[in-house]
Structures are given as C-alpha cells and as structure tokens.
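Read the structure below first, then the notes.
The values are calculated or read from the model by the stated rules, or taken from the named source; none is laboratory data. The structure presented is a predicted model; accordingly, all values stated were derived computationally and were not measured. All Cβ positions, glycine included, derive from the backbone under ideal geometry; neighbour counts span all protein chains shown.
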Amino acid sequence: MGFCSHSKKRLRLNLLTALGLFCIQSSVDAADEVKIHVVKKFAKENPGEGRCCSGCDDRPRFYDVRDKIEEGFSDIGYDTISDTTNNGVNARDFTDSGKYSWGEDHVSNTGTDWADVAFILTHGSANCSDDYISFQMGDNDDTCTIRSDRHIHFGDGNGNQEMKAFINWACHGGEAGVYYDGGFDDVDGSKFRIWNAFHGSKSTRSNDDDKMKDYIKTAKDSGIGTKWQDIFHSNVIGSHGDRCPVSIVWGSSASKRKDFFRYGGFLDWNDTGSNSGTSLFYVDGCYPDDSGPVGCFGTYCPDDNSPVCCQQEGPTPVCCPDGRCVSDWKLCNL
C-alpha cells in the first residue's frame, strides 16, 4: 500500500511531499489516559428523548467497537479508561472554553482534552464550501453539532488540556477538501499531534471491533498513523466506495510530521517540535462514496502528472507543472 502526504505551513502555504519508507528511533514519553465518547442512539429512531439528528439511523455496532477500544488500551497498560454514551455526550465535552464560555473539554472524565487520547463514535458530515467538518452529539444541550472551525481546540498544554491524539470514527471526519482549505487550522494546541479520521463516508463493519483492538495494540510503540491506514483502508475494485482513512499530523517540519505518522505510538509521543505546520497522510487513489478522490482538491492535482484529480476534467486530462488540471497541455500556458 502506498501512502501520500500533503504538508502545509501556517498561512496555508502548501508544500507537497512524497512519503518513502525508512525507520527512525523515537523517544519514549508514556501516556495513560483515554476518553471514549459513543453516540449510538439518534432522534430518528428515538424521538422525544432530547437526542440529536432526526435523519440519522442508530448505530448498534458502536458499542462493540467501544468495548474493543477499552480492551486494547487496557492491554497496553493505560491507567485511566473512561467512556460516555448517548445522552451523556454533550457539546460542552468537545468545546474549548476559549471558544465558548460554556465549554468544558478540560473537565476530567466527562470532557475530552484532559485525556491523552480521545475517541468519538457518531455520525458526521463535512461542509466544503464553509470549510469545516462536524459531528453529532448525544443530546441537544448547548448544540447538537460540533464543528471543527467553531468549537475545538485540543491539547492547549494548560492544566487539564493535554490531548495528543483524536480519533474521529464518523463519516467525513477527515475530509480532504476541508483540510486543503484550512478547516483544521485552529483545532490544535501545543501538545496536539494527530487527528485520525476518514475522508468520505464510512460504514462500521462486523469485524471493525477486532480491527480496532488490533490497531491499538500494534500502534502501542509506533505506527499510530500507518497502522490506522493499513488496518482500516479497503478498496472496491472498479468503482467508488473505498474506505479512506486519513491522518492529519502537526509539527515543525514535514520530516518530523512524517516520522510521527510512522513511528509515533500510544506509548511513544515522540517530539514533533512546534505546531507550525500540518501534513495530511492518505492512501493514494482512495475514492470513497459521497466525496471525490482523496488526492483531489478543487481543480488542482496533488502532484505533477497525477491522474487522481484530473479524472474529473475529461477523458484525456493533464496536470500542469503548477498543479492545475486542464484538458490540454496548451492550456497550461494560459
């Protein structure tokens, strides 16, 4: 499987990088707290109970995945494993008090930012026009919908704000078009390292619970990004419908971010320097339902002569050296 990455510095200056395969020794800094938020029940099938998302079906398999998350972190030696379900999952748990005064993401056991790792299992969506992803809460207190551009600021490094990894088990939680347009530019504090999610839609399958436990255990010391994509990617031959896991990594340089994607682990938060830039890592050519190929943003191509984006422009498209996608080489000079 080939991985690709896009890197960005602040001010959204894009630097396109290729991802090779080599090993680097990283330092060890033990982590010991994980928070799991699970929304299984929604308003469509449970009306009148103060739940969210009147168009969302319930997700019974989420409990199986949660159980394996807990087993996995217990097996690798985490000290604190906490979960909250359904009506207990509130917007305040994901909202930074610097964004809204009612935000309580730092509160131990109920919030998210007090833990080193946090999960959300719910329904999600993306708005590529306004550049944000969102996901649903378990009740309608405060708001039903958490947005990446309005509510979230993880890992501030002050007091009870220490999150390093967020794993979004919802559709569109890592939508590439939102990333390219800056929709994740303000979700990170100084300690935050990685956002694992999916580009496009995603279904929860019967063996995902065991896969999740396998992911946690194999990514204990390294592979927090690579194992995420190895284990949860799937390809539908000859059509769309791929499952496209992605990872957004923060750090001071493309090389440090690449190293963390490969060699960071749940018990090894190797140093990535200051969060002055980001890289998006994805499986090359992955094409899900309800979205374009991971490598495509607007009418631009991820790399010179790449066919991934250009397939939207016509039967024989080309990518210009500056990244534009056009129908004929002559148009590159315009």
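In region 190-222, the qualifying residues are those that are part of a loop (DSSP other than H, G, I, E, B) and surrounded by 21 or more Cβ atoms within 10 Å (Cβ to Cβ), and the one that is farthest from the chain's Cα centre (by Cα) is Ser222. Assess whether Ser54 counts as being within 19 Å of Ile167 (Cβ to Cβ), among the hydroxyl-bearing types (Ser, Thr, Tyr), modelled with pLDDT of 90 or more and touching a Lys or Arg at 6+ places or on another chain (Cβ under 8 Å). It is false that Ser54 is within 19 Å of Ile167 (Cβ to Cβ), among the hydroxyl-bearing types (Ser, Thr, Tyr), modelled with pLDDT of 90 or more and touching a Lys or Arg at 6+ places or on another chain (Cβ under 8 Å).
To keep it simple, each residue is scored yes or no on (1) in contact (Cβ under 8 Å) with a residue 60 or more places away in the chain; (2) crowded, with 19+ Cβ neighbours inside 10 Å.
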site	(1), (2)
Gly48	no, no
Ser54	no, no
Phe62	yes, yes
Asp79	no, no
Thr84	no, yes
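Condition (residue is at positive phi and without any contact (Cβ under 8 Å) to a residue 60 or more places away in the chain) applied to region 196-209: is it met by at least one residue? Checked against the condition, which is being at positive phi and without any contact (Cβ under 8 Å) to a residue 60 or more places away in the chain, region 196-209 yields no hits at all.
For region 121-156, which residues satisfy the criterion of being at positive phi and surrounded by fewer than 22 Cβ atoms within 10 Å (Cβ to Cβ)? Answer for region 121-156, where residues must be at positive phi and surrounded by fewer than 22 Cβ atoms within 10 Å (Cβ to Cβ): Asp131, Asp142.
For region 128-168, taking the residues that are free of Cβ contacts under 8 Å to residues at least 24 places away in the same chain and touching a strand residue (DSSP E or B) at 6+ places or on another chain (Cβ under 8 Å), the one that is farthest from Lys227 (Cα to Cα) is identified as Arg147.
The selection criterion, being within 22 Å of Pro60 (Cα to Cα), out of contact with any Lys or Arg (no Cβ under 6 Å at 6 or more places or on another chain), of a type in the set (Phe, Trp, Tyr) and touching a residue at least 40 places away in the same chain (Cβ under 8 Å), does not hold for Phe232. Restricting attention to region 157-170, does a residue exist that is closer than 30 Å to Ala43 by Cα, of a type in the set (Lys, Arg) and out of contact with any Cys (no Cβ under 9 Å at 6 or more places or on another chain)? No; the residues of region 157-170 include none that is closer than 30 Å to Ala43 by Cα, of a type in the set (Lys, Arg) and out of contact with any Cys (no Cβ under 9 Å at 6 or more places or on another chain). Residues of region 108-127 that are assigned to a loop (DSSP other than H, G, I, E, B), within 22 Å of Ser54 (Cα to Cα) and either without any contact (Cβ under 8 Å) to a residue 24 or more places away in the chain or of a type in the set (Val, Ile, Thr) (or both): Thr122 alone. Look at (1) at negative phi; (2) under 13 Å from the mean Cα position of the chain (by Cα) and you find that His172 fails only one, number (1). The single condition among (1) touching a His at 6+ places or on another chain (Cβ under 9 Å); (2) part of a loop (DSSP other than H, G, I, E, B); (3) crowded, with 23+ Cβ neighbours inside 10 Å; (4) modelled with pLDDT of 95 or more that Gln161 does not satisfy is (4). Sort out which residues of region 231-244 are modelled with pLDDT under 95 and either in a loop (DSSP other than H, G, I, E, B) or surrounded by 18 or more Cβ atoms within 10 Å (Cβ to Cβ) (or both), and write them in order of number. Listed by number, the residues that qualify are His233, Asn235, Val236, Ile237, Gly238, Ser239, His240, Gly241, Asp242, Arg243, Cys244.
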